[in-house]
Every structure is written in structure tokens, then in C-alpha cells.
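Beneath this line is the structure, given in C-alpha cells, with notes to follow.
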Amino acid sequence: MSVELLNFIETVLNGLMSGIMYSLVALGFVLIFKASGVFNFAQGVFALFAALTLVGFQTGQVPFSHLINELFGTKLHHWYPEIHSFLAIIFTIITMIVLAWIIERLVLKHLVNQEPIILFMATIGLAFVLEGIGDLMWGSDVKVLDVGIPSGGSEWLENATIGLAAEGSEYYGMYIDVLNVWATVIAVILVTALALFSQYTKTGRALRAVADDHQAALSVGISLRTIWVFVWAMSGFIAMVAGIMWGTESGVQFSLSLIALKALPVLILGGFTSIPGAIIGGLLIGVGEKLAEIYIGGLFDIGAIENWFAYFMALVFLLFRPQGLFGEKIIERV
Amino acid sequence: MIYKETGQYNSNYRSDHAIFPLMQDKIAFSLLMLVAFLFVPFVVDSYWEKAILVPFLIYSMAAIGLNILTGYCGQVSLGTGGFMAVGAFSTYKLMTTYPDLNIMIIVIISGFISALVGILFGLPSLRIKGFYLAVATLASQFFLVWLFNKVPWFYNYSDTGQITVSERTMFGVPVTGAAAPPYATYLFCLVLVVVFGFAAKNMIRSKIGRSWMAIRDMDIAAEIIGVPPLKTKLTAFAISSFYIGISGSLYFAVYLGALEVTESFDIMAISFPVLFMIIIGGLGSMLGSFLGAAFIVLLPIVLKNFMVDLVGLSAVTAKHFEITIWGLLMVVFLIVEPHGLARLWSIAKEKLRRWPFPY
């Protein structure tokens, strides 16, 4: 095989895997949008908050220590040495469930039947609140997140592919981050579990019923509010997984919350209401972005086009299918 | 008692269709204008100018622009930062290319350039609707900011990527640059805001505004009764971007003086705050644009003074608190009054009609 072809394959593979990371975030959006019609802008901050909480539990930080120290002149910082990651993850999941319950209680309940844009703005407000509370609780310094997922280039793959190029050409094998492979595996498990759950359990069926028709679901005795708490908790869980993946890769810091902006084009490309759409949209955007960065970005010699390329790609798709690839067909009546 | 319209008769259509049909409103507005033009310029100091008045005026301009698009025409846009950047950078390019051109003309031309860009990015709105469009407008935000950051021609190949304003005068008084006195920058912004504020108000009350609202309320029905969607949506995009472009131009030339695009026109720095302004102020309300802008400009100042000076927190913790409270207020506001400050004002007016003798 020629070096160009191998490079192309490497790019596509890397694109697919970073696409999975986008899909993970987009998945949380889709779940909430389907169940409650809320376009949850706070999903990215959810991921940040979950990752911050995870690190906080793991290292045994005292919550709000900065604030307490400043107000009372104490010197609190840690109350126990590190605990096992698994335990910390359990604690974080509990936190996210409590958070979902609080959000339903304090925000969603009061905003039923409001215009979608009002709900959207409320989630932006929520994003600010969570960001502020996350920083107040755990401090705003960049934290290292390590839950035992290996990262770095895969040597095995490098050695395995180095011989594929023609004799005498300069080729050093493919570079693929092990973390991305893990992310892919976990995402596949997560999506399978989700699909099984919504297909074969009672709560799952209720969830689908609510997504299909709120009023009909209410009339057969499904509690909308329980379902909402459930869905938000589930999105919180997915956000935690995304937060772990992105946090391991680049540290837990404010910029983590910006992955929401990365996931938005995935969302409109796949359609707001489709779980397969989120996955396939993520893969398409991941591959498109990586290819564009190398083959188009190289052409202009300016670089960093990945900031907007995904949006343009999604836009072009939308011009042909205004509801996204798998979104429900928009039927308008007067 | 105060807002009593008893005894005020409109004997012709002109007075019936006036912007302020009530005598009380006329008086209040004239007083406000008198204070703004004849009193404030003499007492304004540099702190008030830089921290409150000029940002308030500039954000009001941007809020009017976005309100035209989102509040009146119903097209949700998250690309405000991008269009403001267009205004700022066209001002910079015009200033450096034509050093003799009057600053007022430069600002207005920048508005027109933004309007052209707005039309371009408004084209997808004909096909894409709702949240899909909102996300699609983010494309303009990211693309424009990237463009001004990466193409050196826009910042005249300077090493830092910064653009810096040079001094320009109106009637012999500098209005841009470091030497501009507070009253000059304030008056410069005020004149533009008042003139274009009136223009916007009148547009909204005329045919074009009514067709925007028809499209907003139900676009298919509007199309059936003969409102052309293409023309209406694109004029909304153009006029909205014109206003936003002018505010971007002022933001750069009069307010900041020097800026770097990724920092100053970031989505978190401009696009979302301006969207909050019109939602907190009131979607589809001119008064709301101003109230929202005032709210958003004043809130951080009040919060910061309270946190740092009264409670005695460090600046970093206070910043986190500020973000939290800011978000909380927004959520509370949306729950309590989703129609914004303008609705509160009209409720107050309604109450004032009969106060203090309600029946």
C-alpha cells in the first residue's frame, strides 16, 4: 500500500474515534430533547461539573474549601486521602442524580409549557450556575483526571502497520490514541445498554412513550416528572462518561464545557430527536473534520478550520434535509 | 391617576399613530432626552462613561438589532458576536485605508458592510427553522471570528493580531482614541442610538415591521396572505446586522480602542449576553432592548461591588459567585416573568392608571 493511502486510513480512523467522543456529548442532548423538548445547553457544563466532582471525590477535597477559608479564615483543603476511582464514580453518579432531581424541582417544573426558546435560555442560565458552583466547590485550577484508563499512542498498532507500506518508503506506522479506543468501546457498550434498556424495561417503554407523545403518556398514567428526573439523571451519567474521556485527554478545566459547542453540529446533522443520528452524525463530523483539517486546511495554509468546519458541514446537510439526517419529518400546517 | 388617559382625545390619525400617544409618555420621554443630552454630558466622568453609559448605549444598539431579528422576525440567532466583529473590522480597515473619512460615515458604512454579510448568512434561514437555525447561525459566529483571526489582511499584518483605533474627531473634538473626553464618546454613541432607535421603532410600526411579525407568528400563513418570506427574512437579517454592525463598530472604535477578535467577540462575551438582554428585557419590545441592556451592564458592577467590597471575598471567588448568581437570576427571571422587564413595565403602567384608587 502507498503511504498516502495508509495516511488516509489513519486519518479516517482517528476521525471516527474523535467522532465517538462528540457522539457521547450529543447523546445527552438527544435524550433530554426527546423526553422533555428542552434543548439543554448545559450538557457541556454537566460534563465539566461531573468531571470536577469526580476529581474532587477522588482526591478527597473539601467542597467549597476556598469559600469557607476566605469567609472564616480557616485552612481546609482535604479531609481524606485519595479513594478508589470506582467509589468516586459511584459518588459522582449519585451527585448527578441528585442534581437532576434538583433541576426538575426548581427549574423545569416551573417552566412547563413555555416557549422552547425560554427553556433554552433557562438551560443557559443553568450552565452558568453549574459552572459557578463547580468552581466554587472544587476550585478553578486545572486538574488531572486519572481513573485508570490508559492513554497515549498504541505501540502495538504502530508496529503492526509499519510493514504495510512499500519497501524503502518512510513510514512509521499508524498513530492511534488508546484512550480513543477505550472511548469507542465504552460508547458502544453505553449505546447498546441504552437501546436494550429502552426496548425491554418498563421504565424504558415509559421513556419512549413520553418521547412520542406527552399527553398520551400522561393519560395512560406515566408520571412525566419522574421520567424527566430519570432522563436528566441519565444525561448526567452520559455527561460524566464524556467528562471522564475528555478530562483524561486534556485535564479538567473550564474549556471542557465548550465540548457542548462541538456537539451542536453533530446534533443538527443527526437530528435533535434521533439516537442513531447522534452516533452517525458524530462519526461523519469526526471524519469530515479530520479530513478537512489535513486536505483542505493544508491547501490554504491557515489552519484551525476545525472551529467552524463542522458547522458548515452540518449547514450543507441541513440545506437538503432541514430536520437533519434522522430527525422527525417537520410537518407544518396552518 | 398618573397614567390616566381620560380627557386625551386624538382627533386625527396622525396623533393616534404617534410613537407616544399619551401626554405622560411624551413628557417623560422629553425629560429623559433633555437630561441625556443637556445634563449628563456636563457631569459625566471617565468611570461612568467607561463602565456604564457607553457600554449601555452600545449594547442597546446590539440588542435592538437582535430584537429585530429574534423578537420581531422570530429567527433565533446566536451569531451576534460574529456580526459585531464584522462591524469592528470594517471600521478598522476603513479607518486605516481612508484616513480622511469622517468617523460617523465610517461607522455607518461599517453597518452596511455588516448588513451585506448578514444577508449572506441569513440565506439558510429560508430552509432551516427553529433550533436548527439557531445552531446554524453559530456557523457564522465561528467562521467570522476565525476569518478575522487567521487572515492577516484584516488586521493589517500586525504581529499581535490586535487592531488599534487611531484618533478621529467630530467638530474638532476627538471621539476615538485615548484622548477622547468622556462627554464626546458618550454623545457620539447617544446620537447614533437615538437616531437609529427611532428609525427602528418606525420600521417596526410600518409595513416592513408588520410583515416581520407575520413571519414570526406563522410563516406559512404569512406567505399565503402575500408576505414574501424571502424578502422579509432577508431584510430582517440585513437590518438586524446593520444595527449589530454599528454597535460592533462603536464597541471597537469608541469603547475598547484596541481589541483581539477571539477574546472580544467570543460567543460567551457577546452572543449570549446580547441574547439575554433581549429575553430579560422582553422579546419584541423596543423598551425591552434598553432595559435588558441596562440590566446586563449594571448587574456585574453591582454584584462585584457587593461581593468584593461588602462581603470581602477575593476577586477570584467573587467572580465564581458572580457567574453563579448571574445564572440563578436568569433562571429565576425566566420563571417569574418570561416576557421580560418590558412586561413588568406595562403591568406597572396598568396599575398606575388607577393608583391610588383601585376599584
Check your understanding: Is it the case that some residue within the stretch B:190-209 is within 10 Å of chain A (Cβ to nearest Cβ) and over 29 Å from B:VAL35 (Cβ atoms)?
Key -> no
Check your understanding: Among the residues of the stretch B:281-300, is any in a helix (DSSP H, G or I), without any contact (Cβ under 8 Å) to a residue 40 or more places away in the chain and more than 25 Å from the chain's Cα centre (by Cα)?
Key -> no
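Do the conditions hold for B:GLY161, that is, is it over 29 Å from B:PRO124 (Cα atoms), within 14 Å of chain A (Cβ to nearest Cβ) and surrounded by 14 or more Cβ atoms within 10 Å (Cβ to Cβ)?
Numbers: over 29 Å from B:PRO124 (Cα atoms): yes; within 14 Å of chain A (Cβ to nearest Cβ): yes; surrounded by 14 or more Cβ atoms within 10 Å (Cβ to Cβ): yes.
Taking the combined requirement at face value, the residue satisfies it.
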Exercise for review: Restricting attention to helices (runs of 4 or more DSSP H) lying wholly within the stretch B:201-260, give those where 2 or more residues are free of Cβ contacts under 8 Å to residues at least 12 places away in the same chain.
Suggested key: B:207-217, B:219-224
Practice item. Please go through the stretch A:84-111 and pick out each residue that is away from every other protein chain (no Cβ under 14 Å), crowded, with 19+ Cβ neighbours inside 10 Å and either in contact with a Cys (Cβ under 6 Å, 6 or more places away or on another chain) or without any contact (Cβ under 8 Å) to a residue 60 or more places away in the chain (or both). Key: A:ALA88
Exercise for review: Tell me, yes or no, whether the stretch B:121-144 has at least one residue that is buried (at least 19 other Cβ atoms within 10 Å of the Cβ), more than 14 Å from chain A (Cβ to nearest Cβ) and either of a type in the set (Ser, Thr, Tyr) or farther than 26 Å from A:PHE320 by Cβ (or both).
Suggested key: no
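Rundown of residues vs (1) within 12 Å of chain A (Cβ to nearest Cβ); (2) over 17 Å from A:LEU126 (Cα atoms); (3) touching a Leu at 6+ places or on another chain (Cβ under 9 Å), yes/no style:
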site: B:ILE244; (1), (2), (3): no, yes, yes
site: B:ALA253; (1), (2), (3): no, yes, no
site: B:ILE278; (1), (2), (3): yes, yes, yes
site: B:MET286; (1), (2), (3): no, yes, no
site: B:SER314; (1), (2), (3): yes, yes, no
site: B:THR317; (1), (2), (3): yes, yes, yes
Review point. Which condition number does B:ILE204 fail, the rest of (1) in contact with a strand residue (DSSP E or B) (Cβ under 6 Å, 6 or more places away or on another chain); (2) closer than 16 Å to B:GLN75 by Cβ being met?
Key: (1)
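Answer yes or no as to whether B:GLY282 is in contact with a Lys or Arg (Cβ under 7 Å, 6 or more places away or on another chain) and away from chain A (no Cβ under 11 Å).
yes
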**Study point:** Filter pass, A:LEU261 being under 20 Å from A:LEU319 (Cα atoms) and not basic (Lys, Arg)
**Key:** no
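Here are some residues: B:PHE148, B:PHE188. Which one is under 30 Å from A:TRP308 (Cα atoms), assigned to a helix (DSSP H, G or I) and modelled with pLDDT of 85 or more?
The conditions single out B:PHE148.
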Check your understanding: So which residues in the stretch B:335-359 are within 14 Å of chain A (Cβ to nearest Cβ), part of a helix (DSSP H, G or I) and more than 20 Å from the chain's Cα centre (by Cα), if there are any at all?
Key -> B:ILE335, B:VAL336
Review point. Tell me, which helices (runs of 4 or more DSSP H) wholly within the stretch A:226-334 include 3 or more residues that are at pLDDT 75 or above, within 26 Å of A:LEU108 (Cβ to Cβ) and away from every other protein chain (no Cβ under 14 Å)?
Key: none
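The values are calculated or read from the model by the stated rules, or taken from the named source; none is laboratory data. Fair warning: this is a prediction, and the values are worked out from it, not measured in the lab. Cβ atoms come from the backbone with ideal geometry, glycine included; neighbour counts cover every protein chain shown.
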